[in-house]
1. Restricting attention to region 213-248, which residues are in a loop (DSSP other than H, G, I, E, B) and among the polar types (S, T, N, Q)?
2. For region 263-281, give me the residue count where each residue is among the β-branched types (Val, Ile, Thr) and more than 11 Å from the ligand (Cβ to nearest atom).
3. Can you tell me how many residues in region 252-284 are surrounded by fewer than 17 Cβ atoms within 10 Å (Cβ to Cβ), over 28 Å from residue 311 (Cβ atoms) and hydrophobic (A, V, I, L, M, F, W, C)?
4. Out of curiosity, is residue 139 open to solvent by 10 Å² or more (accessible area, probe 1.4 Å) and more than 16 Å from the chain's Cα centre (by Cα)?
5. Take the conditions away from the ligand (no atom under 16 Å from the Cβ), crowded, with 19+ Cβ neighbours inside 10 Å and aromatic (Phe, Trp, Tyr) and apply them to residue 145. Does it pass?
6. Taking the stated definitions as given, is residue 50 surrounded by fewer than 19 Cβ atoms within 10 Å (Cβ to Cβ) and farther than 21 Å from residue 398 by Cα?
7. Considering only residues of region 283-303 that are within 24 Å of residue 349 (Cβ to Cβ) and more than 11 Å from the ligand (Cβ to nearest atom), which is nearest to the chain's Cα centre (by Cα)?
8. Of all residues in region 326-342, how many are assigned to a strand (DSSP E or B) and among the hydrophobic types (A, V, I, L, M, F, W, C)?
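The values are calculated or read from the model by the stated rules, or taken from the named source; none is laboratory data. Every value quoted in this text rests on a predicted model; they were computed, and no experiment measured them. Please note: Cβ atoms are built from the backbone with ideal geometry, for glycine as well, and neighbour counts cover all protein chains shown. These accessible areas exclude ligands, DNA and RNA; they are computed on the full protein's heavy atoms, side chains included. Shrake-Rupley method; radii C 1.70, N 1.55, O 1.52, S 1.80 Å.
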Amino acid sequence: MTDGYPPITEQLSDADAAREEGRRKMDWARQHMPILAELREEFVEEQPLAGQRVGMAMHVEAKTACLVELLADAGAEVAITGCNPLSTHDDVSAALDAHDSIISYAKREVDDEEYYAAIEAVIDHEPTVTVDDGMDMVAAIHDDYPELIDSIVGGCEETTTGVHRLRAMDEDDALDYPVFAVNDTPMKRLFDNVHGTGESSLANIAMTTNLSWAGKNVVVAGYGDCGRGVAKKASGQNANVIVTEVEPRRALEAHMEGYDVMPMAEAAEVGDVFLTTTGNRDVVTEEHFPRMKDGVLLANAGHFDVEVDLDALSDLAVAEREARDGVREYEMDDGRRLNVLAEGRLVNLAGPIALGHPVEVMDQSFGVQAVCVRELVENPDAYDAGVHEVPDALDREVAEVKLAAEGVEFDDLTDDQREYMDSWQHGT
Ligand code: NAI
């Protein structure tokens, strides 16, 4: 299939040093991932993934690496690559590649050709389970390697955009194996998308620019799970939050939270920082750039780099330069400077100093991933081709482990309460 796309270790000049640094990052993450630690005890003992081959396309950094290692230590052979050309940490990728049951092709700053060659290299290992963030692996298998589908027990999808694409594929009857919508579980969506994206996007923008949030007009495009988190955290840092939306109930919700809601054409004139979280394309465009103030920051936290129209911005610019690491300045003919962070890619993952979500948040997301992979392998006949909700019992299992690790106790229903809740006969 591929002509031997090399694993990361063969691409680095000092693989030993990289491996050591990657291991250090993973050890730190692992100390703060109690859910994966609890699952590790069970997985190492029972080897639920023995004989499986897991193919993964994810953001390869320390937290993801802890999931990858867990799956390998549960008996699987794992091949992994990145799901974004800029989000891989090469040292972590090298540390993973050193594991006997893991091969990592992930490398930072690959071009499109290398990006897809690495995905093909993973598929060459003929996975029986896929774990995706954005659906590029599922798409490549269906497009180019349909002969592998019969031996795939199922897949797991990490993010909103991937689930969205999978549902569209399913509606077209084009999805030929079962995939869990991991993104949609409460234990993922309500924490990772909301708190994770909120905290890590704002932290990365602040650290990349060394600028303050206080007193800024921050325009949040899209008031879904990610937008809610970004808006709340920005507001908590004394920014004035403006929300743009296309869905009336989300717009109303933002209004009732006390944020200003307005069309992007108006927000363009007052915003100091623009952060897109829509999962859609062409949210900030040539219609908006001419209205913006000098010095604005433009960043994206949605999955693909299509929310801010960088081609149009580049066409309008009379000059471009790297104003700081991770900040590209576009100078307009009237002298205004518009600054794009992380090339318009996921700002919390693709910036030069980006670390992605906080560790504790990813412990939850990856705890759900791990139990979903276990479920697919243990019950291969329970799921038809198509997108599936994660069984509620699995999500609860992860929540209970997390609460126990945090030392948080909570109530249980009494028998009378359970009976009352299940009955339709009790009225006034
Ligand atoms: P969501 O579906 O909950 O929210 C998206 C919102 O954007 C919706 O309310 C929708 O009405 C709105 N929207 C769509 N087009 C718009 C437009 N043109 N203008 C204004 N609003 C518009 O999705 P969620 O979970 O918030 O995810 C958003 C994106 O972020 C996805 O691409 C997802 O994959 C990605 N994501 C990124 C993460 C990160 O680490 N940066 C983490 C989790 C998700």
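1. Looking only at region 213-248, we keep the residues that are in a loop (DSSP other than H, G, I, E, B), and these are 213-216, 222-224, 237-239, 245-247.
237, 238 - these are the residues of region 213-248 that are in a loop (DSSP other than H, G, I, E, B) and among the polar types (S, T, N, Q).
2. Of all residues in region 263-281, those among the β-branched types (Val, Ile, Thr) come to 270, 273, 276-278.
Remaining after also requiring more than 11 Å from the ligand (Cβ to nearest atom): 270, 273.
Here the count works out to 2.
3. Number satisfying all stated conditions: 2.
4. Details: open to solvent by 10 Å² or more (accessible area, probe 1.4 Å): yes; more than 16 Å from the chain's Cα centre (by Cα): yes.
So residue 139 fits the description; yes.
5. Working: away from the ligand (no atom under 16 Å from the Cβ): yes; crowded, with 19+ Cβ neighbours inside 10 Å: no; aromatic (Phe, Trp, Tyr): yes.
When the stated conditions are applied, residue 145 does not pass them.
6. Values: surrounded by fewer than 19 Cβ atoms within 10 Å (Cβ to Cβ): yes; farther than 21 Å from residue 398 by Cα: yes.
Here the answer is yes, as residue 50 does meet what is asked.
7. Restricting attention to region 283-303, the residues satisfying the condition of being within 24 Å of residue 349 (Cβ to Cβ) are 283-285, 296-303.
Within this subset, residues satisfying the condition of being more than 11 Å from the ligand (Cβ to nearest atom) are 296-298.
Working: 296: 26, 297: 22, 298: 20 Å.
So, considering only residues that are within 24 Å of residue 349 (Cβ to Cβ) and more than 11 Å from the ligand (Cβ to nearest atom), the one nearest to the chain's Cα centre (by Cα) is 298.
8. Of region 326-342, the ones assigned to a strand (DSSP E or B) are 327-331, 337-341.
From the residues that got through so far, the ones that are among the hydrophobic types (A, V, I, L, M, F, W, C) too are 327, 338, 340-341.
The total comes to 4.
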